[in-house]
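Visitor: I am attaching a structure below and will ask some questions about it afterwards.
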Amino acid sequence: MSTPIQIVPGTRTPKKPPQVQKEDSMWLQKELINGNYHELATAHEMNRKVSATFVPGNLNELLMCFNFARSLPETNALQNGMRKKSGKMIMDAERDGHSEDVCTYVKADLGMMLQGQVGPTGEALPTPDVLLLSYTGCFTFMKWFELIRQKYNCETVMLHVPYQGDGKISKNMRDYVLKQLKEKVIPTLEKVSGVKFDIDLLRQYMRESAKAEEDLVWTLQSAKHKPSPIDGYFGAVYYIGPIFTAFRGTPEATKFYSVLRSEIAQRIREGKGPVTPEGEHPGEKYRLVVEGPPNWTSFREFWKMFYDEGAVVVASTYAKVGGVYDFGFRHDPEHPLESLAEYCLGCYTNLNFPQRIDMICKYIDEYQADGLLINSIKSCNSFSAGQLLILREVEKRTGKPAAFIESDLVDPRYFSAANIKNRLESYFQMVKQKRTATAAH
Amino acid sequence: MNTQEIIARCEHLFEDLRFGAVKDWKAAKPGRKAIGYMPIYVPREIIHAAGMLPVGIFGGGDQLEVIQGDAYYQSYICRIPRSTIELGLTGRLDCLDGMLFPSICDVIRNLSGMWQIMFKDKYVKYFDVPQNYDDAIGGEFYVHEMQLLREDLGKLAGRPVTDQALRASIAVYNENRQAVRDLYAYRAAKPWQAPTSELYLVLRAGCVLPPEEHTALVRSYLSEAAKETRPQRDNARVVLTGSFCEQPPLSLIKSIEMAGCYVVDDDFQLIQSWLLDEVPVTGNPLEELSKAFLHHSTSTSSKYDEKKEDKGKFLLRQVKERGAEGVVFAAPSFCDPALLERPMLQEILARHKVPYTAFKYSENTGQMAPIREQAGTFADSIKLWSAA
């Protein structure tokens with residue numbers, strides 16, 4: 001079910017507000033995210049401690065055991081990006097001495113601090129009481145929290161998650177993460193929050209996580225249908241929102257994914273494609289797999305370039321950045337800490353290159369995609385360094401055409417709409433020609 | 001050999017991107033193997049104990065034209081991975097039987113996977129090091145990782161790497177590190193006698209020579225340099241930091257010196273001075289290497305500082321102990337570790353009233369005039385302040 005709604009115009013935009021369509025689950029998602037910002041804004045007056053942590057390898061269920069209000073700086077940055085606020089924040093951070101070469105999520109976050117720490121929804125965000133540095137799949141995370149710590153002097157606890165360099169999780173890696181959880185992370189969270197750790201509470205949250213994960217996987221895999229009822233990249237951003245952030249393990253998230261599943265099931269029954277911001281998808285012509293995060297500052301414009309051409313993204317690696325669930329992993333309440341370790345080790349950016357390539361090839365095959373599109377993000381070396389090899393390898397192994405575009409996460413200076421549109425149009429032509437050639441043989 | 005001859009030899013080794021010294025070493029005894037490593041740190045002792053030659057790969061420098069390597073990277077990625085791929089694809093690294101990619105940043109990390117795909121016949125390992133410094137947590141993890149490397153190299157060598165061999169290699173590297181420490185101390189005491197452009201070449205020789213030979217070379221340079229009488233200038237004494245991975249061109253180092261700076265400490269070849277003290281040659285060798293890494297190793301931006309107070313401590317100590325008057329932040333373009341660290345260090349230096357300047361380079365930077373101008377102005381301003 002989808003409901004047309006009116007977007008509240010920004011104070012400086014005299015343009016007629018566009019009509020935006022969203023599914024009910026998308027509204028529910030927005031409500032959850034905004035609710036979390038309010039919770040953060042009022043946490044200290046409600047005598048709650050505030051944690052900050054990152055999306056990949058986030059230990060949401062564990063943080064909930066200590067009743068932390070939970071902030072995720074990447075989400076703050078992307079929300080500011082979508083609201084067109086990040087450009088100035090980045091420039092403020094650069095004026096404050098941060099290099100133009102480094103991650104714009106970091107600079108948007110630091111710029112937000114310089115502007116008085118006003119969050120995306122307009123409410124002031126509190127200074128975190130603890131920084132849980134889940135060093136999973138991204139080197140920049142470490143420097144990011146060191147920078148914040150230098151500014152705010154808050155307690156920081158590191159969870160070093162070793163990289164899957166050999167393409168597997170060894171016992172040594174698992175034990176290392178587990179030990180850090182037991183001997184470093186939990187004692188620090190107990191100390192900061194004043195709450196004693198209760199493993200049964202963790203199990204309870206994890207039961208909720210597993211339920212939500214089941215429905216999320218079902219939703220993402222629904223794109224195997226033709227036509228796909230979802231967009232596995234642009235639409236998936238809404239779907240992954242709750243589970244990748246402050247809601248995994250909550251009954252609200254379980255409800256969200258259950259509603260989402262029903263909606264998608266209904267769309268499949270009706271033979272419908274995805275919902276776009278402008279209503280029903282005009283009809284599936286191209287099925288794509290996308291590698292790399294989206295651009296947030298021109299998110300809708302970017303998405304429109306796809307659906308205007310009849311393209312649907314059936315699977316994306318970005319939708320696995322906060323957890324890879326579609327190959328069977330679920331949080332396991334029977335082995336809660338071991339399962340948290342396994343989760344952290346298995347996040348997408350913690351996989352090595354051969355694993356990433358295997359995953360993309362598998363998606364192209366299982367989702368019957370026409371090809372691969374890589375959106376290479378200037379800010380994100382973890383994703384981007386080496387993506388041109390991924391492109392070559394995937395083309396070689398699948399015989400499907402691949403294309404490469406470049407943008408950034410939240411820096412509007414690095415989104416060249418005309419350039420991207422041209423490339424996409426050429427790519428769609430290429431897919432078409434390839435299809436014709438294949439049909440002729 | 002006198003100083004000039006030593007430096008000429010080191011320069012030849014530095015410029016030889018076909019790694020003739022490695023080939024010669026391998027050819028001297030059939031069956032010998034060489035293992036490459038990228039910045040910033042791997043326990044070379046394990047490679048050495050396996051009877052292999054550890055070879056430092058620090059990109060292609062400014063002499064290598066990168067053609068194929070550019071096809072693998074976007075414009076916003078630093079240059080070292082693309083020139084390293086160029087070295088690999090043009091057969092220059094064929095003399096290596098394996099490559100180690102240490103934990104330094106996401107770019108080098110991803111390069112390990114690319115190498116696995118592109119050079120399937122070679123041994124390739126991403127070598128993780130702990131960011132937790134407790135012996136029972138990070139230490140245990142690290143000992144296991146080293147043990148894996150030891151087993152892998154043992155298989156490659158066709159014989160196990162024994163504790164005895166490891167202890168002997170630790171002793172060899174202890175001597176090498178002591179020689180390098182002496183070289184740094186000498187340069188700091190008399191920078192006009194051991195200019196950094198020379199020290200750099202002497203260090204780079206350590207990337208391709210066996211450690212025993214390199215130690216002898218360092219000792220020989222120290223003794224020959226002491227015999228020289230070179231003019232002492234009224235230069236500003238600076239610590240250069242941020243150049244621990246992709247290396248600046250030699251001409252950049254010379255430009256900084258010509259502009260009126262004596263570099264009295266740096267982080268060019270961290271691996272050679274990573275472990276700060278002698279590693280015990282008794283006990284369990286991997287545990288000793290682990291303890292040395294966890295508790296007695298250098299500080300750099302790829303390592304996590306557990307406490308806020310630790311940030312910048314090492315740099316401040318370098319400034320104090322080397323008698324530096326300022327700090328030059330010289331980082332490669334798009335180097336996440338160095339560039340993200342820089343504002344934190346600058347804030348600390350400012351608090352301690354240590355002057356600093358900053359610029360970026362790439363390994364093939366050709367325009368030295370702006371750098372000379374900036375370094376010169378910095379040196380002048382230091383001299384003016386101290387005169388005041």
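The values are calculated or read from the model by the stated rules, or taken from the named source; none is laboratory data. Remember, it's a predicted structure, so these values are computed and weren't measured experimentally. For neighbour counting, all protein chains shown are included, and Cβ atoms are generated from backbone atoms with ideal geometry for every residue, glycine included.
Visitor: When only residues in the stretch A:349-370 that are in a helix (DSSP H, G or I) and facing chain B (nearest Cβ under 9 Å) count, which is nearest to the chain's Cα centre (by Cα)? Can you show your working first?
Guide: First, pick out the residues of the stretch A:349-370 that are in a helix (DSSP H, G or I): A:349-350, A:353-366.
If we keep only those that are facing chain B (nearest Cβ under 9 Å) too, we end up with A:349, A:353-357.
Working: A:T349: 11, A:F353: 19, A:P354: 22, A:Q355: 19, A:R356: 16, A:I357: 19 Å.
The qualifying residue nearest to the chain's Cα centre (by Cα) is A:T349.
Visitor: Looking at this structure, is A:M64 of a type in the set (A, V, I, L, M) and more than 19 Å from the chain's Cα centre (by Cα)? Steps first, answer last, please.
Guide: Details: of a type in the set (A, V, I, L, M): yes; more than 19 Å from the chain's Cα centre (by Cα): yes.
Here the answer is yes, as A:M64 does meet what is asked.
Visitor: I would also like to ask the following. Among the residues of the stretch B:129-153, which ones are among the β-branched types (V, I, T), closer than 13 Å to B:L289 by Cα and either part of a helix (DSSP H, G or I) or over 23 Å from the mean Cα position of the chain (by Cα) (or both)? Explain how you work it out, then say what you get.
Guide: First, pick out the residues of the stretch B:129-153 that are among the β-branched types (V, I, T): B:129, B:137, B:143.
Okay, now just the ones that are also closer than 13 Å to B:L289 by Cα, so B:129, B:143.
Result: B:V143, single match.
Visitor: Looking only at the stretch A:87-105, count how many residues are out of contact with any Pro (no Cβ under 8 Å at 6 or more places or on another chain) and within 16 Å of A:T53 (Cα to Cα).
Guide: Of the residues in that region, 0 qualify.
Visitor: Does the stretch A:154-165 hold any residues that are assigned to a strand (DSSP E or B), more than 9 Å from chain B (Cβ to nearest Cβ) and β-branched (V, I, T), and which are they?
Guide: Selection gives A:V157 alone.
Visitor: Residues that are within 14 Å of another protein chain (Cβ to nearest Cβ), within 18 Å of the chain's Cα centre (by Cα) and closer than 20 Å to B:K383 by Cα: does the stretch B:315-326 have at least one?
Guide: Looking through the stretch B:315-326, none of the residues is within 14 Å of another protein chain (Cβ to nearest Cβ), within 18 Å of the chain's Cα centre (by Cα) and closer than 20 Å to B:K383 by Cα.
Visitor: Of these, A:L373, A:L409, A:L424, which one is more than 27 Å from B:E86 (Cα to Cα), of a type outside the set (S, T, Y) and outside any helix (DSSP H, G or I)?
Guide: Being more than 27 Å from B:E86 (Cα to Cα), of a type outside the set (S, T, Y) and outside any helix (DSSP H, G or I) holds for just one of A:L373, A:L409, A:L424, which is A:L409.
Visitor: Which of the following residues is away from every other protein chain (no Cβ under 14 Å), of a type outside the set (S, T, Y) and either under 19 Å from the mean Cα position of the chain (by Cα) or over 17 Å from A:V55 (Cβ atoms) (or both): A:K168, A:K151, A:K84? Can you show your working first?
Guide: Numbers: A:K168 fails: away from every other protein chain (no Cβ under 14 Å); A:K151 fails: away from every other protein chain (no Cβ under 14 Å).
So the residue among A:K168, A:K151, A:K84 that is away from every other protein chain (no Cβ under 14 Å), of a type outside the set (S, T, Y) and either under 19 Å from the mean Cα position of the chain (by Cα) or over 17 Å from A:V55 (Cβ atoms) (or both) is A:K84.
Visitor: Now for a different question. Select from the stretch A:114-148 the residues that are among the β-branched types (V, I, T) and more than 10 Å from every other protein chain (Cβ to nearest Cβ) and list them in ascending order.
Guide: Looking only at the stretch A:114-148, we keep the residues that are among the β-branched types (V, I, T), and these are A:118, A:121, A:127, A:130, A:136, A:140, A:148.
A:V118, A:T121, A:T127, A:V130, A:T136, A:I148, listed by residue number.
Visitor: Give, as residue ranges, the helices (runs of 4 or more DSSP H) completely inside the stretch B:1-109 that count at least 2 residues that are of a type in the set (G, A, S), closer than 30 Å to B:E228 by Cβ and in the same structural domain as B:G158 (by TED's automatic domain parsing). Reasoning before the result, please.
Guide: Numbers: elements: B:3-15, B:20-27, B:44-49, B:80-89.
Those helices (runs of 4 or more DSSP H) span B:20-27.
Visitor: Now for a separate question. Restricting to the stretch B:154-163, count the residues that are part of a helix (DSSP H, G or I), out of contact with any Pro (no Cβ under 9 Å at 6 or more places or on another chain) and farther than 13 Å from B:I47 by Cβ.
Guide: Taking the stretch B:154-163 and keeping what is part of a helix (DSSP H, G or I), we get B:154-157, B:163.
Now drop any that are not out of contact with any Pro (no Cβ under 9 Å at 6 or more places or on another chain), which leaves B:155-157.
Next, only the ones that are farther than 13 Å from B:I47 by Cβ stay: B:155.
Result for the stretch B:154-163: 1.
Visitor: What is the one condition in (1) surrounded by fewer than 24 Cβ atoms within 10 Å (Cβ to Cβ); (2) within 14 Å of another protein chain (Cβ to nearest Cβ); (3) over 22 Å from B:C105 (Cα atoms) that A:N422 does not satisfy?
Guide: For A:N422, the failing item is (2).
Visitor: Give the residue, chosen from B:A338, B:A350, B:A369, B:A358, that is aliphatic (A, V, I, L, M) and crowded, with 23+ Cβ neighbours inside 10 Å. Please lay out each step first, then the result.
Guide: Details: B:A350 fails: crowded, with 23+ Cβ neighbours inside 10 Å; B:A369 fails: crowded, with 23+ Cβ neighbours inside 10 Å; B:A358 fails: crowded, with 23+ Cβ neighbours inside 10 Å.
When all the criteria are applied, what remains is B:A338.
Visitor: For the stretch B:329-338, check the following and say yes or no: at least one residue is farther than 24 Å from B:R82 by Cα and either among the aliphatic types (A, V, I, L, M) or within 14 Å of chain A (Cβ to nearest Cβ) (or both).
Guide: We begin by selecting, within the stretch B:329-338, every residue farther than 24 Å from B:R82 by Cα; these are none.
Among the residues of the stretch B:329-338, not one is farther than 24 Å from B:R82 by Cα and either among the aliphatic types (A, V, I, L, M) or within 14 Å of chain A (Cβ to nearest Cβ) (or both), which makes the answer no.
Visitor: Here's something else I'd like to know. Please work out which residue is nearest to A:H160 (Cα to Cα), limiting yourself to the stretch A:179-212 and to residues that are assigned to a helix (DSSP H, G or I) and of a type in the set (V, I, T). Even if it seems obvious, please write down each step before you answer.
Guide: Our first condition is that a residue be assigned to a helix (DSSP H, G or I); within the stretch A:179-212, this holds for A:179-193, A:199-212.
With of a type in the set (V, I, T) added as a condition, the list becomes A:185-186, A:188, A:192, A:199.
Details: A:V185: 11, A:I186: 14, A:T188: 15, A:V192: 20, A:I199: 22 Å.
Once the filter is applied, the top-ranked residue is A:V185.
Visitor: Looking only at the stretch A:221-242, count how many residues are β-branched (V, I, T) and surrounded by fewer than 24 Cβ atoms within 10 Å (Cβ to Cβ).
Guide: Count: 2.
Visitor: Output yes when any residue across the stretch A:387-400 is of a type outside the set (A, V, I, L, M, F, W, C), within 14 Å of chain B (Cβ to nearest Cβ) and touching an Asp or Glu at 6+ places or on another chain (Cβ under 7 Å), and no when none is.
Guide: Looking for residues that are of a type outside the set (A, V, I, L, M, F, W, C), within 14 Å of chain B (Cβ to nearest Cβ) and touching an Asp or Glu at 6+ places or on another chain (Cβ under 7 Å), one finds at least one in the stretch A:387-400, hence yes.
Visitor: Give me the pairs: first residue in the stretch A:385-401 and closer than 16 Å to A:Y363 by Cβ and touching a residue at least 60 places away in the same chain (Cβ under 8 Å), second residue part of a helix (DSSP H, G or I) and not acidic (D, E), beta-carbon distance under 6 Å, and six or more apart or on different chains, which are they?
Guide: Final answer for the pair search is A:I390/A:I357.
Visitor: Right, here's the next one. Residues in the stretch B:102-124: is at least one at negative phi, touching a helix residue (DSSP H, G or I) at 6+ places or on another chain (Cβ under 9 Å), surrounded by fewer than 23 Cβ atoms within 10 Å (Cβ to Cβ) and more than 14 Å from chain A (Cβ to nearest Cβ)?
Guide: Scanning the stretch B:102-124, I find at least one residue that is at negative phi, touching a helix residue (DSSP H, G or I) at 6+ places or on another chain (Cβ under 9 Å), surrounded by fewer than 23 Cβ atoms within 10 Å (Cβ to Cβ) and more than 14 Å from chain A (Cβ to nearest Cβ), so the answer is yes.
Visitor: What do you reckon, is A:Y176 farther than 21 Å from A:E74 by Cβ and either more than 23 Å from the chain's Cα centre (by Cα) or not polar (S, T, N, Q) (or both)? If you could, list the steps in order and put the result at the bottom.
Guide: Values: farther than 21 Å from A:E74 by Cβ: yes; either more than 23 Å from the chain's Cα centre (by Cα) or not polar (S, T, N, Q) (or both): yes.
The answer is yes for A:Y176.
Visitor: Which of the numbered conditions does B:L349 fail, given that it passes all the others? Conditions: (1) touching a residue at least 40 places away in the same chain (Cβ under 8 Å); (2) away from chain A (no Cβ under 11 Å); (3) not β-branched (V, I, T).
Guide: So B:L349 meets the others, but not (1).
Visitor: Among the numbered conditions (1) more than 14 Å from chain A (Cβ to nearest Cβ); (2) in contact (Cβ under 8 Å) with a residue 12 or more places away in the chain, tell me where B:A369 comes up short.
Guide: Checking B:A369 against (1) more than 14 Å from chain A (Cβ to nearest Cβ); (2) in contact (Cβ under 8 Å) with a residue 12 or more places away in the chain, the one that fails is (2).
Visitor: Could you count how many residues in the stretch B:142-153 are surrounded by fewer than 24 Cβ atoms within 10 Å (Cβ to Cβ) and in contact with a Pro (Cβ under 7 Å, 6 or more places away or on another chain)?
Guide: Of the residues in that region, 1 qualify.
Visitor: Right, here's the next one. Sort through B:S243, B:S273 and tell me the only one that's in contact (Cβ under 8 Å) with a residue 40 or more places away in the chain, within 18 Å of the chain's Cα centre (by Cα) and closer than 28 Å to B:A168 by Cα. Don't jump to the end; show me each part of the working.
Guide: Numbers: B:S243 fails: closer than 28 Å to B:A168 by Cα.
The conditions single out B:S273.
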